[in-house]
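The values are calculated or read from the model by the stated rules, or taken from the named source; none is laboratory data. Note that the coordinates shown come from a computational prediction; the quantities given were computed from them, not determined experimentally. A quick note on method: Cβ atoms are made from the backbone with ideal geometry, for glycine too, and the neighbour counts reach across all protein chains shown.
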Amino acid sequence: MKHSSPLTFCISTYNNLPYLKLAVHSVRKNSYYKDAPFIIHAENCTDGTNEWLFENCDKYNLTLLVEPKNEIVRGIGGGMNICAEHTETEYIMFLHSDFYVSENWDLECLKIFDKYPNIPMWVFSHRIQPNIFNENSRAGTLIVPNDYFGAYHDDFTPETFLQYAQEFSELNDFEIELGEGVSGLIRKKDWDHIGGNDPIFSPTSWEDKDLFLQMVIQDYKFVLISKSVVWHFGARGSHRLEENNGKSAQRQIEAERKNVVNWLNKWGKMPMFNENGFIKNW
């Protein structure tokens, strides 16, 4: 089936409804390819996500992959895999359910592919996020005080963020050789060549390092740009901090512990990183 859009938006989500609503709305409102195919995978959600998706499927023109009672959990990485399997466009735009995207974020990423034809590549948006983890800014992510734009779904001010994002992209013009989280624009054939996320790292944690390392070994190019900007609420799609008094959810903690062991069993040693904090080959 032919699409007018060269890309498909894809989200994998788990019990993150308040932020998912913002993400979906922002994609349809602010993207250049507003009518692009939009696939959402929801697994084992119990917070009203499934009901909201079915109620708003036509409004936002969504393709839904809802799995309410999976015994073998796919997790975020597995959800990305199944979204990719259903993608029929040349490019896949992965995003997290705790993003709010700025104007033309998708088009700016697509432009980079014209600069590097025939090179396996993944292009990432610059992130801005609240300081909920008491961390410093780093390459590819600007950390701002929580009251800049609102750190939560119920105090977020999208108009203020969109104005800031526009000014940021106008004042900055850089490309960093960096992948920032498993979100961004990639050719479907390049995703399929790697094979997507390894299911041993489900439901979350370490799957991004594993995927990036496989791509690094096979000479994929990573580009993070300042002209495409997204607001990232800060791991709300996995940690679910508000429901746990500011601490990571038990599901996240257990996954991180398990997947350190899975990483060592697969690769034999801990990962190494470059000066930008991006994984590198040994």
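Taking the stretch 178-198 as the range and being modelled with pLDDT under 95 and either in a helix (DSSP H, G or I) or acidic (Asp, Glu) (or both) as the test, only GLU180 passes.
The residue that is nearest to GLU170 (Cα to Cα), counting only those in the stretch 222-276 that are among the polar types (S, T, N, Q) and modelled with pLDDT of 80 or more, is SER226. Can you tell me which residues in the stretch 213-232 are farther than 16 Å from ILE119 by Cβ and out of contact with any Lys or Arg (no Cβ under 7 Å at 6 or more places or on another chain)? Correct list: LEU213, GLN214, SER226, LYS227, SER228, VAL229, TRP231. If I ask for residues that are of a type in the set (A, V, I, L, M, F, W, C), surrounded by fewer than 20 Cβ atoms within 10 Å (Cβ to Cβ) and touching a His at 6+ places or on another chain (Cβ under 7 Å), which ones from the stretch 36-95 would you list? Those that are of a type in the set (A, V, I, L, M, F, W, C), surrounded by fewer than 20 Cβ atoms within 10 Å (Cβ to Cβ) and touching a His at 6+ places or on another chain (Cβ under 7 Å): LEU65, ILE82. The set of residues from the stretch 121-146 being modelled with pLDDT of 95 or more and of a type in the set (D, E, K, R) comprises just one member, ARG127.
The residue that is surrounded by the fewest Cβ atoms within 10 Å (Cβ to Cβ), counting only those in the stretch 155-177 that are among the charged types (D, E, K, R) and part of a helix (DSSP H, G or I), is GLU159.
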